[in-house]
Amino acid sequence: MQLAEMDLRRVEMPLVSPFRTSFGTEVTRDILLVRVVTNDGVEGWGECVAGTEPLYSSEYVDGAQEVIERFMWPRLTSMPSVRAVDIQPVLSPVRGHRMAKAAIEMAVLDAELRTCGMRLVDYLGGIRDAVPAGVSVGIEDSLETLLDNVATFVDAGYARIKLKIEPGRDVDVVAAVRERFGDVPLQVDANAAYQLSDLATLRRLDDFGLLLIEQPLAEEEVRAHAVVAAALQTPICLDESVVSARAAADALALRACDIVNIKPGRVGGLLEARRISDVCSAQGVPVWCGGMLETGIGRAANLALAALPGFTLPGDTSGADRYWKRDIVTEPAVLIDGCVAVPQGPGLGVQVDEEWLTTITTSSVELRSDG
Ligand code: OSB
Ligand code: MG
């Protein structure tokens with residue numbers, strides 16, 4: 001398979017409600033989509049999960065687009081042919097920029113699987129047609145607003161609730177949610193907002209029977225996470241720290257976590273995500289699929305990944321209406337009985353709503369191969 005063309009499209013998508021984390025508030029997503037066309041005219045789509053600003057990790061959407069245009073696209077066109085398995089090795093001279101690489105790999109894989117009529121879920125080794133879905137609930141100034149938000153999601157039937165926390169908005173918030181919603185499956189995500197000196201606060205979370213505490217400390221602080229994990233009863237889950245399968249293996253060897261959140265964008269693609277799943281499964285460590293406020297394109301990939309046997313905890317794979325008034329795929333994800341269906345067609349299994357996409361496109365760059 002040869003790439004004839006790559007389009008880098010930016011779309012502006014307002015969230016149905018602002019999403020606040022310890023690192024900032026997202027109101028509108030400025031999303032980079034990658035569309036590839038093969039020499040045979042087969043199309044593939046990928047989504048880059050990088051945010052507008054480098055606040056979750058060092059990556060940001062303008063940087064992702066620049067690195068693709070300047071350093072990745074030329075490497076891809078220098079290849080006589082390319083498949084999804086080639087993307088990571090070909091792009092390995094370019095350090096980091098995993099979200100950019102993941103978007104390219106997703107688009108190439110979509111085109112490759114459409115060419116041979118295979119579903120992504122089958123390619124990855126998924127075993128489920130629908131996956132239990134959780135929801136990630138943003139920080140609110142008002143506790144009442146937060147409780148109302150949680151009530152909406154509990155009523156909708158989500159399989160578990162994840163609360164974003166930060167210093168000063170943690171123990172009391174969790175206590176209030178437990179008080180109002182009883183033993184609803186509950187977990188928290190700190191997005192690296194704490195320090196080891198906050199250990200006493202983190203220990204107080206042990207009183208609430210949480211499924212897990214996600215990424216309390218900074219990305220680099222793997223060994224300090226082991227200290228937290230040893231001090232708490234509640235399982236520790238890593239998100240930001242796990243940037244690759246090797247990083248996952250190291251974190252497990254250091255006993256820095258009990259559970260791993262897997263996001264294809266964070267780790268450089270779906271194939272690396274599957275390797276992390278393999279590393280964890282081999283050691284009996286549960287994993288779940290995280291989310292990055294994706295459109296229906298990235299969500300389709302997450303749902304296929306979440307269908308793998310090692311994904312034994314509900315993911316942040318919520319229904320599209322939790323994020324968007326109008327998604328960019330013709331059949332957006334819906335929550336039914338606490339689960340979201342894995343798309344069934346070849347490749348990602350979703351069709352892009354081109355007319356709507358055109359309407360919300362803010363810029364488009366077309367890269368063409370000379371060959
Ligand atoms: O840490 O999981 C995270 C969104 C943006 C950046 C980081 C995170 C999140 C979420 C949202 O928690 C998950 C979702 O897509 O619903
Ligand atoms: Mg997280």
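Take every Cα pair under 8 Å whose residues are at least 6 apart in sequence, average their separation, divide by the length of the stretch 270-335, and the relative contact order is 35 percent. Considering every alpha-carbon pair of the stretch 73-209, the percent of pairs per 10 Å bin, from zero through the bin containing the longest distance, is 9, 27, 19, 22, 18, 4, 0. Sorted largest first, the spans of the alpha carbon positions of the stretch 1-84 along the three principal axes are 45, 24, 17 Å.
Dividing the Cα radius of gyration of the stretch 76-139 by its Kirkwood radius returns 1.08 for Rg/Rh.
Considering only alpha-carbon pairs that sit under 8 angstrom and 6 or more positions apart, the relative contact order computed for the chain is 22 percent. How large, in percent, is the carbon and sulfur part of the accessible surface of the stretch 218-371 at a probe radius of 1.4 Å? Of the solvent-accessible surface of the stretch 218-371, carbon and sulfur hold 50 percent. Distances over 18 Å make up what percent of all Cα-Cα pairs in the stretch 124-272? For the stretch 124-272, the fraction of Cα-Cα distances above 18 Å is 58 percent. For the stretch 303-371, the mean projected area of the C-alpha convex hull, equal to one quarter of the hull surface, is 7.4 nm². Ranking E294, E26 from most to least accessible surface, computed with a 1.4 Å probe over the protein chains only, gives E26, E294. If a spin label sat at a point 7 angstrom from the Cα of R75 along the line to its beta carbon, the backbone N atoms of the stretch 227-244 nearer than 19 Å would be those of 243-244. Restricting attention to the chain, close to 65% of DSSP beta bridges with both partner residues there are antiparallel. Annotation for the stretch 55-77 versus the stretch 169-186: alpha-carbon center distance of 40 Å. Here D141 and L254 are evaluated by their C-beta separation; at R0 = 51 Å the FRET efficiency comes out at 0.90.
When the label point is put 7 Å from the Cα of D62 along its Cα-to-beta-carbon vector, which residues of the stretch 339-371 have a backbone N closer than 16 Å? Correct set: 362-364.
In the context of the full set of protein chains, the stretch 2-50 has a per residue accessible area of 32 Å² (1.4 Å probe). Both radii were evaluated on the Cα set of the stretch 1-43; the Rg over Rh quotient, with Rh as the Kirkwood radius, amounts to 1.26.
A helix-only calculation puts the chain at -10000 deg cm²/dmol for mean residue ellipticity at 222 nm, using -39500 (n - 2.57) for each DSSP H run of at least four residues, averaged over all residues. With a simple spin-label model that places each label point 7 Å from the Cα along the Cα-to-Cβ direction, the separation between F181 and Q344 comes to 3.1 nm.
Extension gain for E354-A282 works out to 21.7 nm (0.36 nm per residue, less the C-alpha to C-alpha distance). Considering the stretch 113-185, its Cα convex hull presents a mean projected area of 7.2 nm². Put simply, the C-alpha atoms of the stretch 171-238 give a gyration tensor, and the ellipsoid matching it has half-axes of 21, 11, 10 Å, longest first. Stretching the chain fully between E220 and D206 yields a gain of 2.6 nm (0.36 nm per residue, less the alpha carbon separation). Here the scattering of the stretch 220-371 is modelled by Debye summation over its C-alpha atoms, one equal scatterer each and no solvent; at q = 0.11, 0.16 Å⁻¹ the log10 of I(q)/I(0) is -0.51, -0.90.
For R29, the residues 5 or more places off, or on other chains, whose built amide H falls under 5 Å of its own are M13, L15.
Remark: the stretch 1-141 projects, on average over all directions, an area of 9.9 nm² (convex hull of Cα atoms).
Under the √(5λ) rule applied to the eigenvalues of the Cα gyration tensor, what semi-axes describe the equivalent ellipsoid of the chain? Give them in Å, descending.
On the way: eigenvalues 223, 97, 71 Å².
Each semi-axis is √(5λ); the values are 33, 22, 19 Å.
Where in the stretch 198-236 is the amide nitrogen less than 11 Å from a point lying 7 Å along the Cα-to-Cβ axis of T152? Taking a point 7 Å out along Cα→Cβ of T152, no residue of the stretch 198-236 has its backbone N under 11 Å.
One decimal place: the segment T312-D172 gains 47.5 nm when fully extended, by the rule 0.36 nm per residue minus the C-alpha distance.
The values are calculated or read from the model by the stated rules, or taken from the named source; none is laboratory data. If you're wondering where the values come from, they're calculated on a predicted model, not measured in any experiment. We place every Cβ from the backbone using ideal geometry, glycine too, and count neighbours over all the protein chains shown. What goes into the accessible areas is simple: the full protein's heavy atoms, side chains included, and nothing from ligands, DNA or RNA. Shrake-Rupley method; radii C 1.70, N 1.55, O 1.52, S 1.80 Å.
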